[in-house]
């Protein structure tokens with residue numbers, strides 16, 4: 001506690017500055033997620049405070065971030081679609097997934113997995129971050145043009161036949177659940193169908209229109225209609241915001257340019273009484289706990305999203321710990337990764353309980369905090385308290401912010417979050433693989449696969465596929481490198497020093513093979529050729545294993561297959577200097593003693609040669 005208040009002045013200034021920087025981004029991320037600006041603000045308040053209080057990075061400022069919001073947006077859209085397009089019905093399930101992700105983050109910290117996060121391959125992270133930028137850019141084109149598909153009546157009316165079919169299908173499902181036999185009592189269905197109003201059909205049509213135009217592909221599909229229905233005031237507000245954000249940075253970086261753009265463009269729009277579209281109203285008062293997370297909990301609703309919640313938890317962990325490394329470099333301190341994950345998990349869990357979107361450590365806000373004098377956890381807690389004060393005091397004022405201004409802010413976020421370092425490196429990375437006759441870089445291929453799959457298909461599955469491909473390619477590379485240094489190839493053996501005195505008259509009957517290096521999946525094909533190298537005159541095979549420290553399951557079964565063939569030909573096999581790990585593997589599947597008995601395992605070649613002289617007969 002003493003350390004917490006050791007830098008009150010610096011922490012207060014750092015926390016206040018970081019909170020001010022966080023405000024426009026929190027509102028923008030909330031709108032982008034689909035839950036509204038208040039959800040972004042609630043997330044920023046609770047994550048910032050609790051992640052700082054319980055986390056392991058003293059100067060970290062946490063809150064909604066671009067990657068976390070992009071994944072949340074996908075989760076939210078999916079659960080809303082599964083609940084007939086009703087956000088009200090879907091919200092308990094959405095927040096439960098976010099709560100579960102927070103609990104999983106705490107679990108990752110408790111299990112001590114924080115130190116392993118850094119092993120995620122850079123091409124996967126690079127492709128994912130660039131995809132996040134592309135997704136934000138493309139999904140913000142429509143609001144920056146002032147086009148909202150649900151409000152385009154001509155477009156919505158196209159979905160009326162489909163909407164009627166959906167309503168009828170839901171009606172039949174409801175009747176089936178209530179025990180109504182439709183074919184026997186069709187009059188009930190007719191009566192229920194007559195109660196469906198035009199407003200119901202329009203509402204369902206709007207839901208289908210919104211679903212059709214959601215995500216990157218939906219935004220691209222809707223772009224022609226958006227260009228035909230441009231609201232130039234919204235375009236000017238978005239462009240003005242972007243120009244101020246980039247232009248003001250050239251004047252000074254001491255004042256956050258996003259906040260300046262937010263205040264100036266909102267002031268112009270509201271002050272001149274322009275007919276602009278405001279953001280959703282931000283509720284006033286203290287955030288209220290969402291107890292319906294527990295009262296309306298259904299395991300069946302959440303089960304399909306358990307993997308999604310884990311992905312969200314892992315993404316938040318990566319995002320936070322990368323920012324922690326940045327903070328360490330600036331402050332010359334050392335963060336505690338597992339404690340940081342516990343803090344982030346608690347912050348995300350509390351935020352979900354109050355209806356906020358999830359977040360992570362935010363690099364820009366953390367850097368601002370450090371540069372403004374923040375040194376202890378108090379700075380992050382102050383940032384959260386400041387945002388709560390703004391919510392209570394300025395909630396009605398913030399509700400007047402133009403939606404196009406937040407779209408402009410998000411466009412700059414999308415441009416900034418892309419991994420330009422990774423993109424610039426593409427021409428210079430070594431082309432280490434051949435695909436359909438083309439020389440390619442495996443790292444570039446992984447990055448592009450993750451980028452394209454994330455942008456046009458699914459963020460979560462894209463990362464999983466990227467990790468699998470990266471792991472397989474890594475295994476192939478390591479296998480090739482190890483196999484190159486592992487001598488199990490069917491070549492003529494050099495004679496070792498202790499073999500010089502081997503009896504000349506037994507060289508036709510005894511075949512000696514040296515195995516150097518691990519016997520694993522990368523070298524089994526060469527090992528299998530060993531059988532062809534054994535001369536027809538051999539009655540005994542000596543395998544010298546003192547330089548074979550390891551064997552995997554592939555190597556084990558390759559050895560078993562060879563021993564089985566030799567046993568059928570009545571060729572004896574002896575081992576010399578068998579090491580601990582290979583011996584353990586062989587005993588597990590009874591290679592020892594079924595194929596090679598204990599009396600045929602020698603500690604050194606001297607004792608082996610004595611046995612050979614006593615037991616091997618000169619036949620040739």
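The values are calculated or read from the model by the stated rules, or taken from the named source; none is laboratory data. Not measured: the values here are computed from a predicted model. All Cβ positions, even for glycine, are placed from backbone atoms using ideal geometry, and neighbour counts span all protein chains on display.
Within the range 494-511, residues that are closer than 20 Å to residue 539 by Cα sit with their Cβ atoms under 9 Å from residues that are modelled with pLDDT under 85 and part of a helix (DSSP H, G or I), at 6+ positions apart or across chains, in these pairs: 511/533.
Free of Cβ contacts under 8 Å to residues at least 60 places away in the same chain and part of a helix (DSSP H, G or I), is that true of residue 76?
Judged against the criteria, residue 76 is a match.
Look at residue 91 and say whether it is in a helix (DSSP H, G or I), surrounded by fewer than 24 Cβ atoms within 10 Å (Cβ to Cβ) and either in contact with a helix residue (DSSP H, G or I) (Cβ under 9 Å, 6 or more places away or on another chain) or outside the structural domain of residue 458 (by TED's automatic domain parsing) (or both). Talk me through it step by step, then tell me what you get.
Details: in a helix (DSSP H, G or I): yes; surrounded by fewer than 24 Cβ atoms within 10 Å (Cβ to Cβ): yes; either in contact with a helix residue (DSSP H, G or I) (Cβ under 9 Å, 6 or more places away or on another chain) or outside the structural domain of residue 458 (by TED's automatic domain parsing) (or both): yes.
Yes.
Somewhere in the range 553-573, is a residue touching a strand residue (DSSP E or B) at 6+ places or on another chain (Cβ under 9 Å), under 21 Å from residue 498 (Cα atoms) and either assigned to a strand (DSSP E or B) or modelled with pLDDT of 90 or more (or both)? Yes, the range 553-573 contains a residue that is touching a strand residue (DSSP E or B) at 6+ places or on another chain (Cβ under 9 Å), under 21 Å from residue 498 (Cα atoms) and either assigned to a strand (DSSP E or B) or modelled with pLDDT of 90 or more (or both).
Please go through the range 312-338 and give me each residue that is outside any helix (DSSP H, G or I) and surrounded by 18 or more Cβ atoms within 10 Å (Cβ to Cβ), ordered by number. Talk me through it step by step, then tell me what you get.
Initially, the range 312-338 is screened for residues outside any helix (DSSP H, G or I), giving 332-336.
If the condition is that a residue be outside any helix (DSSP H, G or I) and surrounded by 18 or more Cβ atoms within 10 Å (Cβ to Cβ), then 335 is the only one that fits.
When we screen 406, 448, 459, 391 for residues that are touching a residue at least 12 places away in the same chain (Cβ under 8 Å) and closer than 15 Å to residue 123 by Cβ, the only hit is 448. The single condition among (1) at pLDDT below 90; (2) within 16 Å of residue 323 (Cβ to Cβ) that residue 55 does not satisfy is (1). Of the set (1) touching a residue at least 60 places away in the same chain (Cβ under 8 Å); (2) over 25 Å from residue 405 (Cβ atoms), all apply to residue 280 but (2).
Answer with yes or no whether residue 33 is buried (at least 24 other Cβ atoms within 10 Å of the Cβ) and either closer than 18 Å to residue 218 by Cβ or modelled with pLDDT under 90 (or both). Walk me through how you get there before you give the answer.
Values: buried (at least 24 other Cβ atoms within 10 Å of the Cβ): yes; either closer than 18 Å to residue 218 by Cβ or modelled with pLDDT under 90 (or both): yes.
Yes.
Taking the range 604-620 as the range and being in contact with a strand residue (DSSP E or B) (Cβ under 8 Å, 6 or more places away or on another chain) and not in a helix (DSSP H, G or I) as the test, the residues that pass are 604, 616. Just a yes or no: is a residue in the range 564-583 surrounded by fewer than 16 Cβ atoms within 10 Å (Cβ to Cβ) and in contact with a helix residue (DSSP H, G or I) (Cβ under 8 Å, 6 or more places away or on another chain)? Looking through the range 564-583, at least one residue is surrounded by fewer than 16 Cβ atoms within 10 Å (Cβ to Cβ) and in contact with a helix residue (DSSP H, G or I) (Cβ under 8 Å, 6 or more places away or on another chain).
Only residues that are surrounded by 19 or more Cβ atoms within 10 Å (Cβ to Cβ) and either assigned by TED's automatic domain parsing to the domain that holds residue 551 or at pLDDT 80 or above (or both): list them for the range 446-482, please.
Initially, the range 446-482 is screened for residues surrounded by 19 or more Cβ atoms within 10 Å (Cβ to Cβ), giving 446-447, 450-451, 453-455, 459-460, 462-463, 466, 470.
Those that are surrounded by 19 or more Cβ atoms within 10 Å (Cβ to Cβ) and either assigned by TED's automatic domain parsing to the domain that holds residue 551 or at pLDDT 80 or above (or both): 446, 447, 450, 451, 453, 454, 455, 462, 466, 470.
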